[in-house]
Amino acid sequence: MKYIILLTLFAFELFGALVKGPVVTVDEENRTIQAKLPIVTPGVSGFVVHKIAEGHSSILNNCVVLDYNKTAQLATLKLLPFNALANNALPTGKWKVQKGDEVTLAFAYSRALLIAPSEEIYHQVTKSVKVQWIHPDIFATILSYIGHPTPLKEDFEAMSIATSVGLVFFYLEKKIYTVDIKSFKILGINEAPLVQDTTKLPFYTRVEKIEANWFGEGSDELESYAPYYYELLVTYNPKNEKLYENIKNGDASLHFLLEKFDLGKE
């Protein structure tokens with residue numbers, strides 16, 4: 001089984017190298033840009049760096065790849081607010097992204113979080129994939145501080161900011177979904193035929209109890225592992241055909257999620 005996992009998860013080791021390239025066009029509203037980049041996958045996130053003066057630069061925006069033209073090697077990226085180093089005590093510049101600025105993608109892809117249903121699966125996967133694993137105990141502690149025993153997308157982003165994690169892996173029904181932790185787009189799906197005898201909610205962690213807010217989204221205890229994480233993935237990947245087929249061909253109790261896809265729509 002160890003060798004099967006090594007083979008099926010080998011693709012995950014491709015993640016980890018930074019991808020950099022110059023901005024070549026900026027739209028009038030400064031919302032999307034095009035950058036000259038090696039092959040990248042839609043959903044990969046990063047940031048844009050602006051050179052202020054010799055030896056001085058500043059990160060202006062987060063960004064996420066929307067589309068990639070292989071022939072022209074041009075990536076279309078959506079600009080988003082940069083929130084990783086927020087400090088109200090420091091002044092902020094009024095620079096905008098412009099031609100010649102540098103895009104950096106796949107930052108912190110060498111560091112990952114694994115959401116697994118049991119300790120056994122957690123240890124088998126983390127021993128087979130060569131990334132720097134950040135223990136889910138840290139994520140559970142962050143969730144307890146926020147008051148969300150049911151993790152939301154923004155909680156994963158909070159984890160990314162706090163620990164410089166770039167990827168989150170979800171183990172669901174003998175498959176592992178590789179997800180950009182900020183955009184929450186699926187970057188890859190790999191077979192992982194492990195035996196799941198137990199399920200720990202909301203995921204494997206040694207933290208005994210995650211504190212909850214009195215009310216609000218995320219404050220309820222998670223009642224079911226696979227349905228919740230599948231729904232979370234569908235919400236942010238409604239056009240992913242492979243995810244659709246996996247759910248369609250899987251547990252019939254999850255078929256209600258098929259209605260949430262919008263395949264074939266622009």
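I'd like the full set of residues that are farther than 25 Å from N240 by Cβ and in contact with a Ser or Thr (Cβ under 9 Å, 6 or more places away or on another chain), limited to the stretch 59-76.
Listed by number, the list holds a single entry, I59.
For the stretch 233-245, indicate whether the set of residues that are closer than 20 Å to N83 by Cβ and either part of a helix (DSSP H, G or I) or within 14 Å of the chain's Cα centre (by Cα) (or both) is non-empty.
yes
Name the residue that is farthest from N237 (Cα to Cα), counting only residues in the stretch 186-218 that are of a type outside the set (A, V, I, L, M) and buried (at least 20 other Cβ atoms within 10 Å of the Cβ).
T205
Regarding A140, is this residue part of a helix (DSSP H, G or I) and within 26 Å of A17 (Cα to Cα)?
The answer is no for A140.
Condition first: of a type in the set (S, T, N, Q) and under 18 Å from G166 (Cα atoms). Now tell me which residues in the stretch 31-80 satisfy that.
Answer for the stretch 31-80, where residues must be of a type in the set (S, T, N, Q) and under 18 Å from G166 (Cα atoms): T41, S45, N61, N62.
Report, by residue number, each residue of the stretch 67-84 that is within 19 Å of the chain's Cα centre (by Cα) and surrounded by 14 or more Cβ atoms within 10 Å (Cβ to Cβ).
Of everything in the stretch 67-84, those that are within 19 Å of the chain's Cα centre (by Cα) and surrounded by 14 or more Cβ atoms within 10 Å (Cβ to Cβ) turn out to be Y68, A75, T76, L77, K78, L79, L80, F82, A84.
Going residue by residue through the stretch 154-164, is there one that turns out to be within 30 Å of L74 (Cα to Cα), of a type in the set (D, E), touching a strand residue (DSSP E or B) at 6+ places or on another chain (Cβ under 7 Å) and in the same structural domain as I247 (by TED's automatic domain parsing)?
Among the residues of the stretch 154-164, not one is within 30 Å of L74 (Cα to Cα), of a type in the set (D, E), touching a strand residue (DSSP E or B) at 6+ places or on another chain (Cβ under 7 Å) and in the same structural domain as I247 (by TED's automatic domain parsing), which makes the answer no.
Quickly run through the stretch 109-119 and pick out the residues that are surrounded by fewer than 21 Cβ atoms within 10 Å (Cβ to Cβ) and not acidic (D, E).
Residues satisfying the conditions are S110, R111, S118.
Counting only residues that are at pLDDT below 85 and surrounded by fewer than 18 Cβ atoms within 10 Å (Cβ to Cβ), give me the strands (runs of 3 or more DSSP E) lying completely in the stretch 1-63 with at least 1 of them.
It comes to 45-53.
Please count how many residues of the stretch 120-135 are part of a loop (DSSP other than H, G, I, E, B) and either crowded, with 16+ Cβ neighbours inside 10 Å or modelled with pLDDT of 90 or more (or both).
Counting residues in the stretch 120-135 that are part of a loop (DSSP other than H, G, I, E, B) and either crowded, with 16+ Cβ neighbours inside 10 Å or modelled with pLDDT of 90 or more (or both) gives 4.
Restricting to the stretch 185-203, name every residue that is part of a loop (DSSP other than H, G, I, E, B) and farther than 16 Å from F107 by Cβ.
A192, P193, L194, V195, Q196, D197, T198, T199, K200, L201, P202, F203
The values are calculated or read from the model by the stated rules, or taken from the named source; none is laboratory data. This structure is a prediction, so every number in the text was calculated from the model and none was measured. Don't worry about glycine lacking a Cβ; one is built from the backbone with ideal geometry, like all the others, and counts go over all protein chains shown.
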